[in-house]
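Each remark here refers to the structure printed beneath this line.
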Amino acid sequence: MTANLLDFDLDGLAAFCERLGEKRFRATQLFRWIHQKGAADFDEMSDLAKSLREKLKTSAEVTAIPLLAQHISSDGTIKWLFDVGGGNAIETVFIPDDDRGTLCISSQAGCAVACRFCSTGHQGFSRNLTVAEIISQLWFAEHFLRKHLGQSDRVISNVVMMGMGEPLQNYAALVPALRVMLDDHAYGLSRRRVTVSTSGVVPMIDRLGRDCPVALAVSLHASNDALRDELVPLNRKYPLADLLQACKRYLEVAPRDFVTFEYCMLNGVNDTIAHADELVELVRSYGAHKAWCKFNLIPFNPFPASGLTRSSVAAVASFAKILSDSGIVTTIRKTRGDDIDAACGQLAGDIKDRTNVRTRLSKHRLITINQDKRPTRVGKEDTVNDC
Ligand code: SAH
Ligand code: SF4
């Protein structure tokens, strides 16, 4: 069986090379070819000995997941739909900005957490992605964008694990994938610019802190347990007290000195003044002396099956003001790519009936980008690492 080299972090690749009777520095060369230069053909790797290239041709491959469709939003956001087999598709979103390029990556096909306001959650869980399937998304996007923007240096500066799936429920693949993102011989992203977003898998927050601390975003969405139990069913297992204590522990090892709380604004459900006041109290009870968290308010992106609606602009503004006035840094997420269903929680990716999906997709504006059609740059957003 041939090994897909996108499945390995550098240590894994070194072990693979050793099995072929090769030294570790060969793995570093190979790793650079794959991730820094985007090479998939061993014959391109000119500084590798011919004998090694021949061995690789029979035992290895560099195979990204097949692309099904590409959509470009009028705001420059690009969404790619990839086929991960068995009738499942996953989505990856690139969000260009003045000072950064953010890639929003999926970690699972579907999701088992079943949050009420999330279309991935409504779709149910299909399976975990492999390391290769997670890294494929970055490998493809980075080299595609470089080629089409005619750029030789890095295009993607930030990665957020905010696509489909709960990354901390696919921990075994997540950590090697994060290591590839951070490795200087691969993408060399700073830990501060790689964000794992979680609905609150408490034991895995602790493990991430030990194994591979990167920036942490926690999907809070409620100011008390009764409400959070309804919106994020995982709260019944890991209630707010356990979750907030895990966040505080994480900060002892985190590359940033704050946790970002995501809060999806749902009309009449979690968006009243009373909720905002309760949230301020909650956060203060875990540390009033120092700003240890930031809030990112996400206007709900509606989808029919949810039965929920988006909070009004005025309700979001009043909510944000209460948090800000109490000293909590609060941003309101600008919705990006909603003309192509690339906004948070709209990533459904179900292709059980491919004919239907292809028809559905063809109704979207489908543009192939080329050198003349660069993604439009939009104004600077004052949020960090957002999808
Ligand atoms: N499973 C992880 C990461 C993926 S979801 C998590 O829940 O954190 C990424 C973000 O999108 C989360 O904050 C999630 O709550 C938010 N989200 C999901 N559905 C949404 C919707 N319909 N509208 C707005 N935000 C949504
Ligand atoms: Fe899963 Fe995150 Fe969606 Fe909840 S919000 S169902 S954890 S992807």
Inset, instruction - Grab the alpha carbons of the chain, take their convex hull, and tell me the volume per residue in Å³. - result: 138
Legend entry - Candidates THR130, THR335, THR102, ranked by Gaussian network fluctuation over the chain, Cα under 10 Å, top entry: THR335
Legend entry - For LYS294, distant residues with modelled amide H under 5 Å away: VAL259, THR260, PHE261
Legend entry - Euclidean distance between Cα centres, region 223-248 to region 261-287, Å: 13
Legend entry - Per-residue HN-Hα couplings for region 258-267 [Karplus 6.51, -1.76, 1.60; θ = phi - 60°; Hz; x = Gly/Pro]: 8, 9, 8, 9, 8, 9, 7, 7, 10, 3
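For region 67-378, what is the percent of antiparallel DSSP beta bridges, rounded to the nearest 5?
Values: 20 of 44 bridges.
Looking only at bridges with both residues in region 67-378, the antiparallel portion is about 45 percent.
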Inset, instruction - Would you grab the residues whose amide H sits under 5 Å from the one on THR198? Only those 5+ places off in sequence or on another chain, please, with H modelled 1.01 Å from N. - result: ALA217, VAL218, SER219
Legend entry - Candidates per GluC sites (Glu not before Pro) in region 211-304, loop by DSSP, up to 11 other Cβ within 10 Å: GLU252
Inset, instruction - Would you work out the charge dipole size for the chain about its Cα centre, treating the Cβ of every Lys and Arg as +1 and the Cβ of every Asp and Glu as -1, and quote it to the nearest 20 debye? - result: 480
Inset, instruction - At 0.36 nm per residue, minus the direct Cα-Cα distance, what do GLU252 and GLN70 gain on full extension? Give it in nm, one decimal, please. - result: 61.5 nm
Legend entry - Residues with amide H under 5 Å from that of CYS111, placed H, sequence gap 5 or more: GLY124, PHE125, SER126
Inset, instruction - Select from GLY121, LEU243, LEU56 the residue farthest towards the positive end of the dipole of the chain; place +1 on Cβ of Lys and Arg, -1 on Cβ of Asp and Glu, and compute about the Cα centre. - result: LEU56
Legend entry - Over 30 Å (Cα to Cα) - which of LYS79/LYS294; LYS37/LYS248; LYS147/LYS248 fall in this group: LYS37/LYS248; LYS147/LYS248
Inset, instruction - Sort out for me the Cα centre separation of region 192-210 from region 1-18, rounded to whole Å. - result: 25
Legend entry - Cα gyration tensor category, rounded, prolate or oblate, for region 3-61 with a/c compared to 1.5: rounded
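Values in this text are rule-based calculations from the coordinates and carry no lab data. Please read these numbers as outputs of a predicted model, since none were measured by experiment. All Cβ positions, even for glycine, are placed from backbone atoms using ideal geometry, and neighbour counts span all protein chains on display.
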